[in-house]
Ligand SMILES: NC(=O)c1ccc[n+]([C@@H]2O[C@H](COP(=O)([O-])OP(=O)(O)OC[C@H]3O[C@@H](n4cnc5c(N)ncnc54)[C@H](OP(=O)(O)O)[C@@H]3O)[C@@H](O)[C@H]2O)c1
């Protein structure tokens, strides 16, 4: 029966049909990006997934490097990308090289990739606590270097991505980088001195929001709503409030006042949040995370 067959990214039949029809038109309309990603753990995978979903970077244009055989096998199977254990000739001629390993592993990765970096590529570091000057010390070649702090929502192209670039970056190259990063979500430029704060707010942010969603859902469960339904309602409520703030440019305090009618139910709840210093707890949580991020700094 026709419907019995399950199609995946790597299915040869789907690949042929996709590449000869839709893929052709996509590459006519937009040049396909060639991307290398070193370290395909959680963040590296999110970048791969987001790029493929954008249709600007098909899996055959992505090359991944990871020392974990398990991760390489997983990435090949799920995304159909090329994977190697260490930098190879394939690193040459890519438009962007992402470094997405833990900060402690950055020095070895930088030393390994230097021989393969082409003048036309751009180096993008995702690593927390690794400064532009530290990266430049290892990369004497005249290639642009950009430091970013994204989050896991890049996986569904709803990431928040803050970037810092070297002062001397060519404005056209910077525009191209921003265009490419925009495939993964919302992009803002920040002064590098704020990167630790951004690491705490943006990088760690999904964990804090998940914590809030879980708390809202638990409240629903306590009052008798089934768990799955409570999680869906809590998550969609957070999504909707976020979209109102971003799309309609409503200040959070205004949105809060729009919901909290005088003498109504919402003010009762807000009072309990104030009594328990929830806002203050969040401010301290982000501050603590930012301090921790500053302790990750690699010394150049
Ligand atoms: N996760 C997040 O939400 C998030 C958000 C923003 C930024 N970041 C940044 O993204 C970077 C990666 O974080 P992550 O959470 O994705 O870490 P992760 O899940 O541990 O992924 C890192 C991957 O790189 C591999 N690796 C280690 N050394 C390598 C080498 N020399 N060459 C190639 N691959 C190597 C690791 O293999 P082994 O496991 O075998 O060591 C692992 O598979 C970090 O610098 C972090 O600061 C993460």
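The values are calculated or read from the model by the stated rules, or taken from the named source; none is laboratory data. Note that the structure is predicted; figures quoted are calculated from it, not measured. All Cβ positions, glycine included, derive from the backbone under ideal geometry; neighbour counts span all protein chains shown.
General observations
- Of all residues making up segment 250-280, the number that are in a loop (DSSP other than H, G, I, E, B) and either surrounded by fewer than 10 Cβ atoms within 10 Å (Cβ to Cβ) or outside the structural domain of residue 237 (by TED's automatic domain parsing) (or both): 3
- Hey, residue 238 surrounded by 14 or more Cβ atoms within 10 Å (Cβ to Cβ), away from the ligand (no atom under 15 Å from the Cβ) and within 23 Å of the chain's Cα centre (by Cα) or not: yes
- When residue 163 is tested against (1) over 18 Å from the mean Cα position of the chain (by Cα); (2) modelled with pLDDT of 95 or more; (3) under 23 Å from residue 63 (Cβ atoms), only condition (1) is not met.
Quick grid of which residues meet (1) under 22 Å from residue 136 (Cα atoms); (2) surrounded by fewer than 15 Cβ atoms within 10 Å (Cβ to Cβ); (3) not assigned by TED's automatic domain parsing to the domain that holds residue 49:
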residue: 162; (1), (2), (3): yes, no, no
residue: 174; (1), (2), (3): yes, no, no
residue: 177; (1), (2), (3): yes, no, no
residue: 183; (1), (2), (3): no, no, no
residue: 187; (1), (2), (3): no, no, no
residue: 220; (1), (2), (3): no, no, yes
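Residues are listed down the side, and each one gets a yes or a no for (1) within 15 Å of the ligand (Cβ to nearest atom); (2) closer than 24 Å to residue 296 by Cβ; (3) not in a loop (DSSP other than H, G, I, E, B):
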| residue | (1), (2), (3) |
| --- | --- |
| 160 | yes, yes, yes |
| 163 | yes, yes, yes |
| 167 | no, yes, no |
| 174 | no, no, yes |
| 198 | yes, yes, yes |
| 206 | yes, yes, yes |
| 217 | no, no, yes |
| 231 | no, no, yes |
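- Looking only at residues of segment 102-111 that are near the ligand (Cβ under 9 Å from one of its atoms) and either surrounded by 17 or more Cβ atoms within 10 Å (Cβ to Cβ) or in a helix (DSSP H, G or I) (or both), we find that the one that is farthest from the chain's Cα centre (by Cα) is 108.
- Strands (runs of 3 or more DSSP E) within segment 2-101 that include 2 or more residues crowded, with 19+ Cβ neighbours inside 10 Å and either modelled with pLDDT of 95 or more or more than 9 Å from the ligand (Cβ to nearest atom) (or both): 35-38, 62-65, 96-99
- Sole exception among (1) in a helix (DSSP H, G or I); (2) modelled with pLDDT of 95 or more; (3) more than 9 Å from the ligand (Cβ to nearest atom) for residue 114, by number: (2)
- Within segment 117-127, considering residues that are away from the ligand (no atom under 14 Å from the Cβ) and part of a loop (DSSP other than H, G, I, E, B), the one modelled with the lowest pLDDT: 119
- Of the set (1) in a loop (DSSP other than H, G, I, E, B); (2) within 14 Å of the ligand (Cβ to nearest atom), all apply to residue 140 but (2).
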